[in-house]
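Okay, so here's the structure we're looking at.
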Amino acid sequence: MIFIVSGPGGVGKGTVVTRLLELRPDLWLSRSWTTRPRRPTEPEDAYVFVDRPTFENRIREDGFLEWTEFAGTQALYGTPLIDPTAVEPGGPDVLLEIELDGAQQVKRRYPEAVLIFIVAPSTEDQEKRLRHRGDDDEMVSRRLAVGAKELEIGERIADHVVVNDDVERAANEVAGILAGYSDPG
Ligand code: 5GP
């Protein structure tokens, strides 16, 4: 199974995913590539950090399951092609944490992929989280505007919508959703 966790920036989907992986250590989390610089607070393996020509080479080689230029940031993000053995029966479930454009690409390629869309309890909450992360004012406004559009599309196409009012609760809800796909009946 492929599970996609998506949602507007600042809804705390990264934190939910971190907790989810503690609840479900058997899940295989895909590591994305990005051309954006590493944040000082970020571990070196948060992404595969590459320069633009390296990323563009991999696009030409058809090396991505999906990729996108994240709205307004001029940075490229992409999911490397998944090892086919990982999506065969008996392989581990795959987890992608990506923005909505990429999520739509994956859904087109694997219609059976399950899209879980995480939303913030309120716009104020989302804004607070974006600021807390250290993004500047302009970036915060840009991401909020993108987020409003994403919210509309995401709620329409998602298989499940989860409100991140509390990380523990939200992660448990997502774990319950995942369990529903592996339990017979
Ligand atoms: P950030 O720069 O805050 O780490 O990530 C920005 C956005 O890009 C987030 O919404 C994150 O989920 C998304 N993202 C991370 N990796 C990928 C990827 O491989 N593909 C796509 N489409 N989005 C990604």
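The values are calculated or read from the model by the stated rules, or taken from the named source; none is laboratory data. Keep in mind the model is a prediction, meaning the values are calculated, not measured. Counting neighbours? That spans all protein chains shown, and the Cβs are built from the backbone with ideal geometry, glycine included. Side chains included, ligands, DNA and RNA excluded: accessible areas come from the protein's heavy atoms. Shrake-Rupley method; radii C 1.70, N 1.55, O 1.52, S 1.80 Å.
For the reader, a short list of remarks on this structure follows.
- Whole-number accessible area per residue in Å² for the chain, which is evaluated in the context of all protein chains at 1.4 Å: 53
- Label-point separation in nm, GLN74 to VAL167, each point 7 Å along Cα→Cβ: 3.3
- Ranked by the mean number of other Cβ atoms within 10 Å per residue, highest first, peptides 44-55, 120-131 order as 120-131, 44-55.
- Karplus-based coupling profile of region 171-181, in residue order and whole Hz: 4, 5, 5, 5, 4, x, 4, 4, 4, x, 8, with θ = phi - 60° in 6.51 cos²θ - 1.76 cosθ + 1.60 and x standing for Gly or Pro.
- Listed by chain and number, the lysines placed with their C-alpha closer than 24 angstrom to that of LYS128 are LYS13, LYS149; residues fewer than eight positions away on the same chain are left out.
- Heavy-atom accessible surface of the chain: percent carbon and sulfur, 1.4 Å: 51
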